[in-house]
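What follows is a set of notes on a single structure, which appears directly below.
The values are calculated or read from the model by the stated rules, or taken from the named source; none is laboratory data. Remember, predicted model here, so these are calculated numbers, not experimental data. Reconstructed Cβ throughout: ideal geometry from the backbone, glycine too, with neighbour counts over all protein chains shown. SASA here: full protein model, heavy atoms, side chains in, ligands and nucleic acids out. Shrake-Rupley method; radii C 1.70, N 1.55, O 1.52, S 1.80 Å.
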Amino acid sequence: MKRLLGLIILALVVEFFQDVQAVSDSPADPVDFSKELSRIDPVESNLASETMRVKPGFHFSLVAAEPLVASPVAMAWDERGRLYVVEMRGYSEHRDDKISRIRLLVDENDDGLYDLATIFADGLLWPTAVTCWNGGIFVADAPDILYLKDVDGDGVAEVRHRIFSGFGVGNVQGLLNSFAWGFDDRIHGSASSNGGEIVRVTDLEGKPVSAEAPPVNARGRDFSFDPETLDFRAETGGAQHGLGFDDWGRKFVCHNSDHAIRCMAEDRYLARNPFYAPPPAKVSIAADGPQAPIYRSSPVEPWRIVRTRLRASGAVPGILEGGGRAAGYFTSATGIMPVRGDAFGPNLLGMLLIGDVGSNVIHRKALRTEGLGQVAERIDVESELVASTDIWFRPAQFANGPDGAIYVADVYREVIEHPNSLPPVIKKHLDLDSGRDRGRIWRLVPEGWTHRKTLDIRGASSEEKVTMLSHPNAWHRESASRLLHEQNDLSAEELLRNLVRNRSAVPLGRMHAAYLLHGMKRLLVDDVLACLGSEEPMLRVHGV
């Protein structure tokens with residue numbers, strides 16, 4: 001036994017010095033890792049469902065795949081139920097080639113599967129987020145936020161204006177991202193780790209800004225802007241990739257290895273008193289810690305194994321994470337989002353979904369109130385909600401759909417990693433473009449769910465839209481709120497006020513109505529008092 005142990009130790013020592021020598025050799029005589037770095041083939045879309053390990057009680061299915069979509073990283077539905085998809089085809093080293101684009105997907109026969117795609121806009125750099133406004137879309141394409149619009153109805157944008165600029169581009173995995181419609185009728189987003197000094201360039205008509213305003217510092221922050229007035233401000237946040245609100249506007253963000261963070265207070269309120277030293281505005285809330293265990297079903301990529309070994313030996317620089325393990329913990333948390341779709345029962349509404357694109361899983365957590373904050377607790381014991389055996393499965397973002405389901409943007413790439421984090425001796429054996437022409441969008445629903453007809457709410461009356469503010473599905477509430485805000489329909493004032501003051505009405509509807517009145521500059525003291533007198537504590541919070 002002692003002899004065997006001695007041989008094992010000797011082998012490890014020899015491997016250590018071989019690795020150190022491998023990267024210190026001259027470029028003309030490097031050690032070849034090609035035998036350890038074998039390539040992994042993709043799984044064709046018609047077989048992709050077979051690779052998924054999904055928790056009982058849920059159904060996970062494809063609704064779109066290549067060639068309809070490629071490299072999807074974000075998505076948003078308009079009021080017609082059409083789906084805008086951000087295709088970041090330039091990831092990770094081809095920003096300047098301008099090969100990224102926006103696709104517009106349509107389910108022509110309304111069977112729940114997309115069957116028509118048009119290129120709504122192309123020639124983009126590194127687009128990462130999209131949201132709808134006034135017949136067009138805002139798109140994050142660092143360093144800019146663009147406004148794109150199809151005027152003649154052919155499914156292609158003729159209008160393209162740079163609205164804001166100044167976001168950083170130094171890190172392809174730290175770009176602004178995650179547009180979300182807020183309860184305050186503003187568009188929120190993450191400035192990520194790149195941040196920036198943000199200035200407004202034009203208005204929605206493309207007219208240059210007449211008076212130059214000072215830039216807004218978004219470094220280490222999130223941001224929001226009013227899509228009508230284009231008022232821009234910094235917000236608490238600044239996590240890497242992912243931002244999601246729950247029904248009451250509580251905000252969650254995530255970093256690569258800090259997978260569940262709650263934003264507890266807004267910086268602009270705390271800044272009112274320069275003599276007050278507040279607690280942190282962002283709090284890590286995962287009960288099992290930021291870099292919690294994760295249970296993948298896929299094999300660990302060979303390059304991760306080799307890189308970890310080289311880092312452990314000191315042969316290449318880099319952070320040695322997870323105690324020297326190549327996998328088994330959060331390394332690339334993305335797209336954090338509370339479930340807000342009415343396809344899910346009350347026991348599942350509000351649970352957090354978090355992707356890990358490096359481990360090919362979708363993780364979920366239950367939220368438990370603790371004091372003023374919340375604790376996020378693992379639901380699945382030593383397993384995940386969804387885990388694929390296919391290392392190409394890359395769940396980067398989530399969205400609550402018009403049908404109450406959860407949709408997942410699967411970038412579907414062979415390699416997801418920052419190029420600078422790959423030592424040259426490894427990188428030369430990889431193809432960082434592999435999968436650029438592939439991509440999938442998945443739908444997560446409870447077992448027994450059936451697709452419902454997609455609504456076209458363009459022609460809904462003011463009364464119908466106000467009623468929709470109390471709908472059990474978040475997409476309906478937010479779309480109705482957006483349309484009412486777009487139209488600034490003063491004829492809806494009394495309808496909104498009646499909703500706010502109706503103590504037996506759905507509290508969420510009352511909250512949305514109050515903020516719409518505030519945006520119309522029609523909010524009265526008695527409207528606020530009606531919120532403060534509610535039995536629902538969160539409505540009282542918003543009244544304050």
Original post:
What are the pairs, 6+ residues apart or on separate chains, where a residue within the range 30-44 that is closer than 16 Å to residue 422 by Cβ and hydrophobic (A, V, I, L, M, F, W, C) has its Cβ under 6 Å from a residue that is in a loop (DSSP other than H, G, I, E, B) and open to solvent by less than 50 Å² (accessible area, probe 1.4 Å)?
Top reply: 37/429; 40/391
**OP:** Those residues that are charged (D, E, K, R), over 18 Å from residue 250 (Cα atoms) and either open to solvent by 20 Å² or more (accessible area, probe 1.4 Å) or in a loop (DSSP other than H, G, I, E, B) (or both), I need them from the range 486-544; list them, please.
**Re:** 486, 489, 493, 494, 501, 503, 521, 522, 526, 535
**OP:** From 197, 212, grab the single residue that is open to solvent by 50 Å² or more (accessible area, probe 1.4 Å) and outside any loop (DSSP other than H, G, I, E, B).
**Re:** 197
**OP:** Mind listing just one residue for me: the one in the range 283-331 that is open to solvent by less than 60 Å² (accessible area, probe 1.4 Å), in contact with a Phe, Trp or Tyr (Cβ under 9 Å, 6 or more places away or on another chain) and among the polar types (S, T, N, Q) and, of those, nearest to residue 416 (Cα to Cα)?
**Re:** 298
Original post:
Do we have any residue at all in the range 523-537 that's modelled with pLDDT of 95 or more and either among the basic types (Lys, Arg) or within 26 Å of the chain's Cα centre (by Cα) (or both)?
Top reply: no
**OP:** Could you please tell me which pairs satisfy a Cβ distance under 9 Å, a separation of 6+ or placement on different chains, a first residue in the range 77-97 that is more than 19 Å from residue 157 (Cα to Cα), and a second residue that is surrounded by fewer than 20 Cβ atoms within 10 Å (Cβ to Cβ) and of a type in the set (Gly, Ala, Ser)?
**Re:** none
Subject >> strands (runs of 3 or more DSSP E) lying entirely in the range 377-458 (those with 3 or more residues that are touching a residue at least 60 places away in the same chain (Cβ under 8 Å) and within 20 Å of residue 307 (Cα to Cα)) >> reply: none
**OP:** Just give me the residues in the range 40-68 being of a type in the set (A, V, I, L, M, F, W, C), touching a Leu at 6+ places or on another chain (Cβ under 7 Å) and over 30 Å from residue 347 (Cα atoms), in sequence order.
**Re:** 68
Subject >> Residues being touching a helix residue (DSSP H, G or I) at 6+ places or on another chain (Cβ under 6 Å), open to solvent by 10 Å² or more (accessible area, probe 1.4 Å) and within 28 Å of residue 432 (Cβ to Cβ) - total across the range 88-140 >> reply: 3
Subject >> Residue count, the range 141-151 (criterion: open to solvent by 30 Å² or more (accessible area, probe 1.4 Å), farther than 20 Å from residue 482 by Cβ and of a type in the set (D, E, K, R)) >> reply: 0
Original post:
Does the range 257-280 include one or more residues that are of a type in the set (A, V, I, L, M), open to solvent by less than 40 Å² (accessible area, probe 1.4 Å) and in contact with an Asp or Glu (Cβ under 8 Å, 6 or more places away or on another chain)?
Top reply: no
Original post:
Of the residues in the range 465-485, how many are assigned to a helix (DSSP H, G or I) and either more than 24 Å from residue 226 (Cα to Cα) or of a type in the set (Ser, Thr, Tyr) (or both)?
Top reply: 3
Original post:
Quick one: in the range 335-386, which of the residues that are open to solvent by 10 Å² or more (accessible area, probe 1.4 Å) and among the hydroxyl-bearing types (Ser, Thr, Tyr) is farthest from residue 298 (Cα to Cα)?
Top reply: 369
Original post:
Has the range 118-141 got at least one residue that is more than 25 Å from residue 47 (Cα to Cα) and either at pLDDT below 95 or among the basic types (Lys, Arg) (or both)?
Top reply: no
Original post:
What tally of residues in the range 172-210 results from selecting those that are of a type outside the set (Lys, Arg) and over 17 Å from the mean Cα position of the chain (by Cα)?
Top reply: 16
